[in-house]
Amino acid sequence: MYLFQLDLNPIDTNFMPTLLVRHASVLVTMDDHRREIPDGGLFIRDGVVEQVSPTQELPLEADEVLDLDDHIVLPGLINTHHHFYQTLTRAVPEAQNANLFNWLKTLYPVWARLTPEDIRISTQTALIELAFSGCTTASDHLYLFPNGSRLDDEIYAAKEVGLRLHASRGSMSLGESQGGLPPDSVVEDEDLILKDSQRVIEKFHDPNPGSMTQVVLAPCSPFSVTASLMRQSADLARQYGVQLHTHLAETEDEEAFCIEKFGYRPVAYMQQLNWLGDDVWFAHSVHVNQDEIGDFARVGCGVAHCPNSNMRLASGIAPILDMINQGVKVGVGVDGSASNDSSHMIAEIRQAMMVARLRSGLRGASLSGEETPALMTARQALELGTRGGAAVLGREDIGSIEPGKCADFYAVNLNRLDYAGALHDPVAALVFCAPVKVDYTVVGGKFVVKEGQAVTLDLARLLEAHNQASKRLLDG
Ligand SMILES: [Zn+2]
């Protein structure tokens with residue numbers, strides 16, 4: 001039984017045909033000129049941005065008017081990699097101090113107990129947590145479907161929260177008995193995987209501008225699926241024009257596994273499987289060399305950079321500045337909440353900036369006289385979380401605040417302890433200072449967070465259900 005009413009056609013009391021946002025201390029557009037507008041605002045009609053300008057040039061009236069004095073307004077953040085269900089297994093003692101393979105082997109048996117309701121609850125927890133960090137579009141990689149769980153459970157739960165979702169029909173088919181990493185109890189039959197992939201594409205995938213739900217095919221990783229399933233998934237995705245996603249080059253263990261089992265480094269293995277293309281993005285790509293980065297740039301492969309997870313699991317530091325400099329599409333992802341252990345996009349963007357700097361320092365980068373900054377800037381990091389994420393997810397309708405794009409944005413009150421002494425550059429303050437919870441998150445003109453409160457769900461009730469589900473999973 002679901003704890004929350006499942007209603008596919010809720011009566012929408014939250015929607016205003018026109019919304020006027022005005023008097024923002026600064027409005028960050030992330031448009032082609034990277035305009036930052038003092039005393040800025042925007043006018044929204046039917047969920048789409050109609051005008052972006054200084055407040056004095058905006059219309060005077062709308063169905064709803066939001067005065068954002070002392071706030072910074074930015075384009076909604078785009079999370080390119082997550083495993084929502086892992087919000088139920090954060091900071092599990094046995095998995096706290098492990099590298100990727102040992103962490104996975106500890107957690108697979110716990111995840112094998114997930115139910116459809118667990119998927120539903122964890123989806124809502126992850127999405128509202130993301131919304132409180134300014135996220136308006138999230139990709140999720142769900143790759144195990146135990147006890148009758150389906151991607152449908154996640155998609156319906158997400159509709160109630162109100163964020164845009166790129167839901168991956170993930171998969172695992174290479175169990176322990178076949179030389180894979182996961183236990184046989186969490187892998188699925190390949191024919192069934194492909195049939196269900198086709199079903200969810202036909203049922204849910206909406207490729208149109210303003211889309212709230214897109215479907216992605218996402219076999220989990222080289223060490224948990226067969227080459228045949230990778231190839232067939234790519235064929236099916238291309239038949240329907242949906243994107244492909246998987247974990248790649250995350251750890252040295254994975255690289256060794258690929259060389260030993262397939263005779264290729266991970267990126268070359270993907271090439272063999274017809275998995276290098278502009279419809280593909282990879283999570284992590286920590287262990288890639290300059291030639292492989294060049295391959296990504298040449299074919300248009302995207303990368304979901306997940307610095308907190310890479311640090312948590314001691315995987316390594318991804319060469320993100322090299323990727324940016326070679327023209328690779330790069331977005332930011334929080335990764336699953338069992339290896340982060342949060343879903344905070346601003347924290348992730350901050351960490352992306354920090355770890356890129358650490359890598360530059362370790363490589364002895366010169367800090368003077370270069371055209372490209374040797375240190376990643378706050379604005380570069382924010383760009384990864386907005387325009388970068390949109391490019392990775394293949395979307396032209398999100399990632400910036402400009403006329404014709406979806407009205408997806410967030411606002412943060414600058415008048416707070418965290419930013420004291422940093423108000424000379426609020427944009428940089430957002431990234432350099434401690435990550436905060438945002439005050440407003442708006443998706444397609446609709447409020448998900450308003451005045452610091454969740455609008456679309458009962459947070460206290462959700463947390464109670466979430467913690468009960470988590471306890472049940474861990475108690476076994
Ligand atoms: Zn992941």
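The values are calculated or read from the model by the stated rules, or taken from the named source; none is laboratory data. Keep in mind it's a predicted model, so treat the numbers as computed, not measured. Every residue, glycine as well, gets a Cβ built from its backbone with ideal geometry; the counts of neighbours run over all protein chains shown. All accessible areas refer to the heavy atoms of the entire protein, side chains included, with ligands and DNA or RNA removed. Shrake-Rupley method; radii C 1.70, N 1.55, O 1.52, S 1.80 Å.
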Only residues that are open to solvent by less than 60 Å² (accessible area, probe 1.4 Å), polar (S, T, N, Q) and not in a loop (DSSP other than H, G, I, E, B): list them for segment 157-203, please. 168, 171, 197
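Whether any residue in segment 214-221 is crowded, with 24+ Cβ neighbours inside 10 Å, in contact with a His (Cβ under 7 Å, 6 or more places away or on another chain), at pLDDT 95 or above and farther than 30 Å from residue 314 by Cβ is what I want to check. It would help to see each step written out before you state the result.
Going residue by residue through segment 214-221, those that are crowded, with 24+ Cβ neighbours inside 10 Å are 215-221.
From what's left, in contact with a His (Cβ under 7 Å, 6 or more places away or on another chain): 215-216, 218, 220-221.
Cutting the leftovers down to at pLDDT 95 or above gives us 215-216, 218, 220.
Restricting the remaining residues to those that are farther than 30 Å from residue 314 by Cβ gives 215.
Checking segment 214-221: at least one residue is crowded, with 24+ Cβ neighbours inside 10 Å, in contact with a His (Cβ under 7 Å, 6 or more places away or on another chain), at pLDDT 95 or above and farther than 30 Å from residue 314 by Cβ.
Given segment 342-401, what helices (runs of 4 or more DSSP H) lie entirely inside it while holding 2 or more residues that are at pLDDT 95 or above, in contact with a Pro (Cβ under 6 Å, 6 or more places away or on another chain) and open to solvent by 10 Å² or more (accessible area, probe 1.4 Å)? Explain how you work it out, then say what you get.
On the way: elements: 345-362, 378-383, 389-392.
Once the helices (runs of 4 or more DSSP H) in segment 342-401 are filtered for at least 2 residues that are at pLDDT 95 or above, in contact with a Pro (Cβ under 6 Å, 6 or more places away or on another chain) and open to solvent by 10 Å² or more (accessible area, probe 1.4 Å), what remains is 345-362.
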Taking residue 473 as meeting all but one of (1) touching a helix residue (DSSP H, G or I) at 6+ places or on another chain (Cβ under 7 Å); (2) in a loop (DSSP other than H, G, I, E, B), write down the number of the exception. (2)
Across segment 138-156, which residue is surrounded by the fewest Cβ atoms within 10 Å (Cβ to Cβ) among those that are more than 20 Å from residue 104 (Cβ to Cβ) and among the acidic types (Asp, Glu)? 152
Yes/no for residue 215 being within 16 Å of the ligand (Cβ to nearest atom) and of a type in the set (Val, Ile, Thr): no
Only helices (runs of 4 or more DSSP H) wholly contained in segment 225-288 count here; list those with 2 or more residues that are open to solvent by less than 10 Å² (accessible area, probe 1.4 Å) and closer than 16 Å to residue 301 by Cβ. 227-240, 266-272
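Which of the residues that make up segment 133-156 are part of a helix (DSSP H, G or I) and either within 16 Å of the ligand (Cβ to nearest atom) or farther than 18 Å from residue 196 by Cβ (or both)? If you could, list the steps in order and put the result at the bottom.
Residues of segment 133-156 that are part of a helix (DSSP H, G or I), as a first pass: 146-148, 151-156.
Across segment 133-156, the qualifying residue is only 154.
Return yes when residue 98 is in a helix (DSSP H, G or I), hydrophobic (A, V, I, L, M, F, W, C) and within 16 Å of the ligand (Cβ to nearest atom) and no when it is not.
Numbers: in a helix (DSSP H, G or I): no; hydrophobic (A, V, I, L, M, F, W, C): yes; within 16 Å of the ligand (Cβ to nearest atom): yes.
So residue 98 does not fit the description; no.
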Could you check residue 18 against (1) modelled with pLDDT of 95 or more; (2) exposed (fewer than 15 other Cβ atoms within 10 Å of the Cβ) and say which number it fails? (2)
Complete set of residues in segment 289-315 that are open to solvent by less than 30 Å² (accessible area, probe 1.4 Å) and within 15 Å of the ligand (Cβ to nearest atom): 302, 303, 304, 305, 306, 307, 308, 309, 310, 313, 315
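Take segment 322-336 and flag every residue that is away from the ligand (no atom under 15 Å from the Cβ) and open to solvent by less than 20 Å² (accessible area, probe 1.4 Å). Outline the logic, then answer.
Going through segment 322-336, the residues away from the ligand (no atom under 15 Å from the Cβ) turn out to be 322-330.
Scanning segment 322-336 gives 323, 328, 330.
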With the first residue restricted to segment 61-84 and required to be free of Cβ contacts under 8 Å to residues at least 12 places away in the same chain and open to solvent by 10 Å² or more (accessible area, probe 1.4 Å), and the second required to be in a strand (DSSP E or B) and within 16 Å of the ligand (Cβ to nearest atom), Cβ contacts under 8 Å at 6 or more apart or on different chains are none
So residue 115 ticks every box in (1) open to solvent by less than 20 Å² (accessible area, probe 1.4 Å); (2) hydroxyl-bearing (Ser, Thr, Tyr); (3) over 22 Å from residue 225 (Cβ atoms) but one. Which box is left unticked? (1)
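Quick check on residue 339: is it within 16 Å of the ligand (Cβ to nearest atom), in contact with an Asp or Glu (Cβ under 6 Å, 6 or more places away or on another chain) and either touching a residue at least 60 places away in the same chain (Cβ under 8 Å) or of a type in the set (Ser, Thr, Tyr) (or both)? I'd like the intermediate steps shown before the answer.
Numbers: within 16 Å of the ligand (Cβ to nearest atom): yes; in contact with an Asp or Glu (Cβ under 6 Å, 6 or more places away or on another chain): no; either touching a residue at least 60 places away in the same chain (Cβ under 8 Å) or of a type in the set (Ser, Thr, Tyr) (or both): yes.
The answer is no for residue 339.
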Those residues that are part of a loop (DSSP other than H, G, I, E, B), within 25 Å of residue 212 (Cβ to Cβ) and under 23 Å from the mean Cα position of the chain (by Cα), I need them from segment 27-78; list them, please. 29, 30, 31, 47, 76
